[in-house]
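This report refers to the structure that appears directly beneath it.
Derivation of every value follows stated rules applied to the coordinates shown; laboratory data play no part. Given the structure is predicted, the values throughout are model-derived calculations rather than measurements. Cβ sites come from the backbone with ideal geometry, for glycine too, and all protein chains shown count toward neighbours.
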Amino acid sequence: MSTFEELLAKRESEKLAGTEKLDVQVVFGGELITLRFREMLGTEWAAITANNPPRLEALVDRRFGYNVHAVCQAAAPVSGVHVDGDSEVKWSAEQWALFFPEISGPGFAEICDAIWGLNQWNPQQRVEKLKKALIADSTVKQNSHENSVSASSVSQAGNQKQQRSTHMKKGV
């Protein structure tokens, strides 16, 4: 198991490598523009979701416990930039507030999908992946242990002694 300092150093190197980003193209003012969103800090995401309670009539809101659309609008100024050629232009919260009513429903949905994916879905998937790896690792270790025979489990005549098992065998 890693120490706190080792885990912190790993996280710092991840941040230096750059947070995950996603580009979205939408039509605004008759032009196709590119917006780039980055994964937010967990504390930023938590604060925004906490300030946007779910709409009771919206199934997706009830599932996640916050107003998904309001969260995306609040998160955009924190995590998004307009990509203009080779440069990234940070829009103000007021500019984002003027922008959202002017884009199409599908454009808004793409922005929400990007923000939600970077900050809700992807972190959940990383946790699930690590859990599966941990389970697989412990299963391999358990199988390795069960398949090995120690000197204490073998009698003088070479016959294996009966060992008490603390786990249930499948199909029994």
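The table that follows gives values for the structure above.
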item: 3J(HN,Hα) from dihedral phi, the range 2-9, Karplus parametrisation 6.51/-1.76/1.60, rounded to Hz, x for glycine, proline; result: 7, 7, 4, 4, 5, 5, 5, 5
item: Cα gyration tensor, the range 4-137 - rounded (a/c under 1.5), prolate or oblate; result: oblate
item: Neighbour-count ranking [beta-carbon atoms within 10 angstrom, fewest first] of GLU39, GLU128; result: GLU128, GLU39
item: Cα centroid of the range 41-100 to Cα centroid of the range 104-129, whole Å; result: 11 Å
item: Integer Hz, Karplus 6.51/-1.76/1.60 couplings in order for the range 53-64, x for Gly and Pro; result: x, x, 7, 4, 7, 9, 4, 4, 5, 5, 5, 9
item: ASN51 paired with GLU6, simple spin-label distance in nm, labels 7 Å along Cα-to-beta-carbon; result: 3.9 nm
item: The range 4-137 - charge dipole about Cα centre, Lys and Arg +1 at Cβ, Asp and Glu -1, debye rounded to 20; result: 520 debye
item: Estimated FRET transfer efficiency when R0 is 30 angstrom, pair ARG62-LYS131 (beta carbons, to 0.05); result: 0.75
